[in-house]
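First the structure, in the form of structure tokens, and then the observations on it.
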Amino acid sequence: MLADPVRRDLYEYVADAGHEVGRAEAADAIGVARTLAAFHLDKLADAGLLEVEHRRLTGRSGPGAGRPAKVYRVAVREHLASVPARDYRALAMLLAEAVEAAGAEEALNAAARRIPADPREPMTVLAERGYRPYRDGDVIRSRNCPFHTLSGQFPVLVCAMNHALIGALLGGDALVRLDPLPGECCVVVEDSKN
Amino acid sequence: MHLAQLNVARPRASMDDPQMAEFKAALEPVNALADAAPGFVWRLTDGFGGDATTIRIAGGDIMVNLSVWDSRDALWNFAYRSPHMDYLRRRREWFHQLAQAYQVLWWVPAGHRPTVAEAEERLSTIRSEGPGLAAFTFRDFYPAEILTS
């Protein structure tokens, strides 16, 4: 589904935009014709990767307001496909429940802290791991929680582990803190470039 | 319907102990954050200060946190999607692990202010029967529509 480069660019643009994206905006952003952008955006929606809404972008309503425009945002539902079948999500749920029941959160965080640091730029390190990072003033925030499903069930356990994990990856706890926003990753990174 | 929540915790030391200093210092700003959070309705206070730290149950050992919110998302976003989360991450610095359920949610009519006794009853319900319509958790959540249908 994402092999086509135009389609992949469109998907990534919508995923990183942080707001609902209209066809014209997406087409302009990646430099393709609007009809082509519309075709690919609808394919992505059909495949469940994007969600579609109909909105009057101008804010007008009633007769003469025109047809509502289609806007797209990234679908929250996640896609797991593995062949042959593997069910790591069910396993993760059970392990999380066991860690919590045993009060072993600190052992989990310690394991995360033992992950070797990646010396590259924080933006690169986070992007490669699927966090979809973006700069927000002096800090880096991330639009995607790679552990989204699990963090919905075990928020404290997962965010504390994620805090330890990102701290280790970036070479020290000093750079990271927990400051979650609704719908985003919980970890904020001080951007050393600023 | 509004969502009531109780959570209980056994502190590692008395509130005057230096071990509790950072928790104590966070009470005022975090309570202010709750009071200003979208969908916040009410929280229990002890009538002395702005918090409930002098209220104890179960023989004086256990602290309580009792509040009411206008929806599941309102409570979720304050508890887990705000600066409050960093204190939750550090909760073992100040509180013991409890062997039994330490949190319970239940629906109350809008305007109702649950008492500590009522909240304790809900906690004992979830401890003895597990999550259900009368006493549940975020993980096993029962929407208000089920109750009113």
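Every read-out reported here was derived from the displayed coordinates using simple, explicitly stated rules and does not represent laboratory data. Computed from a predicted structure; not experimentally measured. Backbone-built Cβ (ideal geometry, glycine too); neighbour counts: all protein chains shown.
When N counts the residues of segment A:5-74, how does its alpha-carbon radius of gyration compare numerically with 2.2 N^0.38 Å, as a ratio?
Rg over 2.2 N^0.38 Å, computed on Cα atoms: 1.09.
Along segment B:134-143, what does the Karplus equation 6.51 cos²θ - 1.76 cosθ + 1.60 (θ = phi - 60°) give for ³J(HN,Hα), rounded to whole Hz, x for Gly and Pro?
Once θ is set to phi - 60°, the couplings for segment B:134-143 become 7, 6, 9, 10, 4, 5, 10, 8, 10, x Hz.
Please turn the phi angles of segment B:23-38 into ³J(HN,Hα) values with the Karplus equation 6.51 cos²θ - 1.76 cosθ + 1.60 (θ = phi - 60°), one per residue in order, whole Hz, x for glycine and proline.
Working through the residues one at a time gives 5, 4, 5, 7, 4, 5, x, 6, 5, 5, 4, 4, 4, 8, 5, x Hz.
Can you compute 3J(HN,Hα) from phi for each residue in segment A:175-185, using the Karplus curve 6.51 cos²θ - 1.76 cosθ + 1.60 with θ = phi - 60°, rounded to whole Hz and x for Gly and Pro?
Karplus values, whole Hz, x for Gly and Pro: 7, 10, 8, 8, 8, x, 10, x, x, 10, 5.
Are there any chymotrypsin sites (Phe, Trp or Tyr not before Pro) in segment B:89-149 that are in a DSSP loop and have at most 15 other Cβ atoms within 10 Å? List them by number.
Those satisfying the criteria are B:Phe141.
What distance in nm separates the simple spin-label points at A:Arg56 and B:Leu33, each placed 7 Å from Cα in the Cβ direction?
The answer from the label model is 4.0 nm.
Check which residues have an amide H placed less than 5 Å from B:Trp42's amide H, if you skip close sequence neighbours.
B:Val68
Return the calculated 222 nm mean residue ellipticity for chain A, to the nearest 500 deg cm²/dmol, obtained by summing -39500 (n - 2.57) across DSSP H runs with n ≥ 4 and dividing by the residue count.
Computed ellipticity for chain A at 222 nm equals -13500 deg cm²/dmol.
What percent does the relative contact order of chain B come to when contacts are Cα pairs within less than 8 Å and at least six residues apart?
For chain B, the relative contact order is 32 percent.
Above 23 Å lies some portion of the pair distances; for segment A:72-183, what is it as a whole percent of all C-alpha pairs?
Everything past 23 Å amounts to 34 percent.
Using amide H atoms built in the peptide plane, which far-off residues or other-chain residues are under 5 Å from A:Tyr134 H to H?
Residues meeting the amide H criterion: A:Arg141, A:Ser142, A:Arg143.
Taking Cα pairs under 8 Å and at least six residues apart, what relative contact order does chain A come out at, in percent?
That works out to 16 percent.
Cα-based Rg of the protein assembly as shown per 2.2 N^0.38 Å, rounded to two decimals?
Ratio of Cα Rg to 2.2 N^0.38 Å: 1.14.
Hey, what's the per residue convex hull volume over the C-alpha atoms of chain A, in cubic angstrom?
Given the Cα convex hull of chain A, per-residue volume reads 164 Å³.
Quick one: angle between helix A:34-46 and the longest Cα principal axis of chain A, in degrees between 0 and 90, rounded to 10, please.
On a 0 to 90 degree scale, this one is about 50.
Just in segment B:16-50: which chymotrypsin sites (Phe, Trp or Tyr not before Pro) are loop by DSSP and have at most 11 other Cβ atoms within 10 Å?
Within segment B:16-50, the qualifying chymotrypsin sites (Phe, Trp or Tyr not before Pro) (loop, at most 11 other Cβ atoms within 10 Å) are B:Phe48.
For segment B:2-148, what Kirkwood radius comes out of the mean inverse Cα-Cα distance, in Å?
In segment B:2-148 this quantity evaluates to 15.8 Å.
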